Amino acid sequence: MTMERPEPRKQLPGPPEGGRGHSSPSSSESPRRLAELPRDELDYLAEEYGLDCTRFKGAEELVAALHQRRQLIAQMDREAMLDVVKWGRRPIPANATKEQIAREIPRARSMRFAGLSARGLIVLAMLRDVPVTGKETIPDLVKKLKKQEGIFTKLNRKRRAFIGSLVSNLIGEQPADANYQFLPPQPESGRSGTGGAAGATIKQDIEESGLFGGIAGRIRKSADQYLNQKLDEIEARIDRKLDEIDRRLTEWRDKEIANRIRILKITLWASVIVAALALVYSYVKVYVVGDAGGAPTPTIRKIDR
Amino acid sequence: MPDVDYFQLFRWSLGTVVTIYATVITLQSLWGWYVWLAGSDKYMSLLRRYVILQGLRVRIRGFWGDVAISGLLCVAFLLMWRLHGLIEAGLL
């Protein structure tokens, strides 16, 4: 097994609307920054945005698709996106950005569209790569979405639904609360609560702590925010690397097992061939030549009735 | 001049040598894995659990074709063995 040489650390591309306080890259430099990322990072981003990364052979195509997807998300109606999230019961805070909402929507894989508004259906269809004109009726959209699913995916989903209903009946599931509830809103200042209250102005900081104390607190808060952001990025990168290592080890294990089984099969073929030869040899020796090596030579018995 | 059946000699010597060789290699490999994974180091413990996890996550679906062929070959081998015994005893 060969281990991948660690990539030099690069700045992750920020979302177009500045999720978690990221600085928003302009749309012209965004593809350039995406193009600097290694392929596994691009694949991860593509999955996050609901793109099938196996459809894109080269990194350039994937970067272009990601850029297009981000532009599409920027043009979407936030309320329509929230409709999808509520329908899919994905956990997000009420003040989540469009970017964060768009990353949650591909995780809602349900094909039961009851309760989803028309605008939500359009957003869902667009993020599932279903061609929409915006003039379709709800049944048309549902039909298109179902058609796009594919026969094997549908069969797998039906199978999972069947198992789910079995397990649900077995353990006696409690009905879930019908009302969707948002997660608590995420603080604008990141995880850290140091350096004054969240949302306090610099005027209030200085009023509370004096000129230097207020400015120092504000700088400390910014530094903490930056550090938290960077730590989050590093953590996410390490997680992805660990997942990648795990995936490669799994592939290596499967290849190794397949090789061993193949070797076993070849050995068994050789054994069977030698056994067949021995069988022919024994048959010829006993029944044709008549040399049974001590065993009685068989005679043909005729049974007359 | 001793009456030697060369085919029998070849068959038995091949079977004996190959069986002993395969057994020794397999036992050596198993012993090596056991010694390597039996370490009390905390990283080794982590690795041991990971190897067990990888083993549990193996899905037979990926190898079912080869496994089925191997099973059929085993059955064929056992049938030939039995047939061979019947021929040698003159019961066929």
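The values are calculated or read from the model by the stated rules, or taken from the named source; none is laboratory data. This structure is a prediction, so every number in the text was calculated from the model and none was measured. Cβ sites come from the backbone with ideal geometry, for glycine too, and all protein chains shown count toward neighbours.
Considering only residues that are away from every other protein chain (no Cβ under 11 Å) and without any contact (Cβ under 8 Å) to a residue 24 or more places away in the chain, look in region A:243-262 and name the one that is farthest from B:Cys74 (Cα to Cα). This residue is A:Asp243.
Within the bounds of region A:120-132, is there any residue that is on the phi < 0 side of the Ramachandran plot, surrounded by fewer than 19 Cβ atoms within 10 Å (Cβ to Cβ) and in a helix (DSSP H, G or I)? Looking through region A:120-132, none of the residues is on the phi < 0 side of the Ramachandran plot, surrounded by fewer than 19 Cβ atoms within 10 Å (Cβ to Cβ) and in a helix (DSSP H, G or I).
If the condition is being under 28 Å from A:Thr267 (Cα atoms) and in contact with a Lys or Arg (Cβ under 7 Å, 6 or more places away or on another chain), then region B:1-55 contributes only B:Gln54.
Picking from residues in region A:287-305 that are within 8 Å of another protein chain (Cβ to nearest Cβ) and over 18 Å from B:Phe10 (Cβ atoms), the one that is modelled with the highest pLDDT is A:Tyr287. Residues in region A:90-143 that are touching a Phe, Trp or Tyr at 6+ places or on another chain (Cβ under 9 Å) and of a type in the set (Gly, Ala, Ser): A:Ala94, A:Ala96, A:Ala102, A:Ala108, A:Ser110, A:Ala114, A:Gly115, A:Ser117, A:Gly120.
When region A:271-285 is filtered for residues that are exposed (fewer than 12 other Cβ atoms within 10 Å of the Cβ) and either closer than 20 Å to B:Thr19 by Cβ or within 8 Å of chain B (Cβ to nearest Cβ) (or both), only A:Ile273 remains.
If I filter region A:268-286 down to residues being touching an Asp or Glu at 6+ places or on another chain (Cβ under 8 Å) and either free of Cβ contacts under 8 Å to residues at least 12 places away in the same chain or not in a helix (DSSP H, G or I) (or both), which single residue comes out as nearest to B:Arg11 (Cα to Cα)? Only one residue tops the list, namely A:Ser282.
Quick grid of which residues meet (1) within 9 Å of chain A (Cβ to nearest Cβ); (2) within 14 Å of the chain's Cα centre (by Cα); (3) without any contact (Cβ under 8 Å) to a residue 24 or more places away in the chain:
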| site | (1), (2), (3) |
| --- | --- |
| B:Asp5 | yes, no, yes |
| B:Ile20 | no, yes, yes |
| B:Ala38 | no, no, yes |
| B:Arg49 | no, no, yes |
| B:Val58 | yes, no, yes |
| B:Asp66 | yes, no, yes |
| B:Ile87 | yes, no, yes |
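If the Cβ limit is 6 Å and pairs must be 6+ apart or interchain, which residue in region A:28-54 that is farther than 21 Å from A:Ile105 by Cβ and modelled with pLDDT of 80 or more pairs with which residue that is basic (Lys, Arg) and in a helix (DSSP H, G or I)? Close Cβ pairs satisfying both conditions: none exist.
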